[in-house]
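Here's the structure we're looking at; comments come further down.
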Amino acid sequence: MSWYRLKAGLQPGQAAPAFDGLDEEGQHQRLQDYRGRWLLLFFYPQDGSPGCIREACRFNDDFDAFSILGASLLGCSGQDAASHQRFREGCRLRYRLLTDPGRVIREAWQVPHIFRLIDGRCSFLIDPQGIVRWVYANARQPEQHSALALETLRRFVAEGN
């Protein structure tokens, strides 16, 4: 396993860990608020870094496709609300960014670290019942997360899952 192919501890088939955090506007975001619809929760290392910009913009480009399939998007990293606001405005993101300055949510979701120093990049697709259906962890290819998640979501929706 190379440094950029990470393995998340949380696996498909497991119940998604509950979270309750604030987004960039100070609004509570809770897992329970997304019950009854799909949720793509993605963790990224840092607002404004080149890889994170590419990843966030790809999710933004695919926002309508996720919505049509009944899915919400939610990004999460350790920066504060002001940083998230700048990042969201700068990239014109249409989805919320969850603040996690204490890395509590990240730890509950067992998102890996790179060399135990850098927050890892990981995406989770959660079904309407709150079960993790798909996990993607790859630090080196952030622009792939959205396309792979969307392809996976389409497959689950087509299968009636």
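Any read-out appearing in this document is the output of simple, stated calculations on the displayed coordinates, not a laboratory observation. Note that the structure is a prediction, hence the values are computed from the model and not measured. In this analysis, Cβ positions are derived from the backbone assuming ideal geometry, glycine residues included, and neighbour counts consider all displayed protein chains.
Each Lys and Arg contributes +1 and each Asp and Glu -1, all at the Cβ; summed about the Cα centre of the chain, the dipole is approximately 400 debye.
Using R₀ = 22 Å, calculate the FRET efficiency as 1/(1 + (r/R₀)^6) where r is the Cβ-Cβ separation of Q27 and E107; round to 0.05. Approximately 0.50, to the nearest 0.05.
Go ahead and estimate [θ] at 222 nm for the chain from helices alone: -39,500 (n - 2.57) per DSSP H run with n ≥ 4, summed, over the residue count, rounded to 500. Before the final figure, lay out the partial values.
Values: 5 runs with 49 residues, N = 161.
Mean residue ellipticity at 222 nm (helix-derived): -9000 deg cm²/dmol.
The phi torsions of the stretch 64-70, fed into the Karplus equation with coefficients 6.51, -1.76 and 1.60 and a -60° offset, translate into couplings of 5, 5, 4, 4, 4, 7, x Hz, rounded to whole numbers, with Gly and Pro shown as x.
In the stretch 6-80, the alpha-carbon atoms span a convex hull of 122 Å³ per residue.
FRET efficiency for the pair C57 and R37, taken as 1/(1 + (r/R0)^6) with r the Cβ-Cβ distance and R0 = 30 Å, rounds to 0.85.
Each Cα pair under 8 Å and six or more residues apart adds its separation to the average, and for the chain the resulting relative contact order is 35 percent. Between the stretch 142-161 and the stretch 83-100, what's the alpha-carbon centroid distance in Å? For the stretch 142-161 versus the stretch 83-100, the Cα centre distance is 23 Å. For the chain, hydrophobic long helices are taken as DSSP H runs at least 20 Å long by C-alpha position along their axis with mean Kyte-Doolittle hydropathy of 1.6 or more; none is present.
Phi-derived couplings, Karplus 6.51 cos²θ - 1.76 cosθ + 1.60 at θ = phi - 60°, listed residue by residue for the stretch 34-39: 9, 4, x, 8, 6, 9 Hz, with x used for Gly and Pro.
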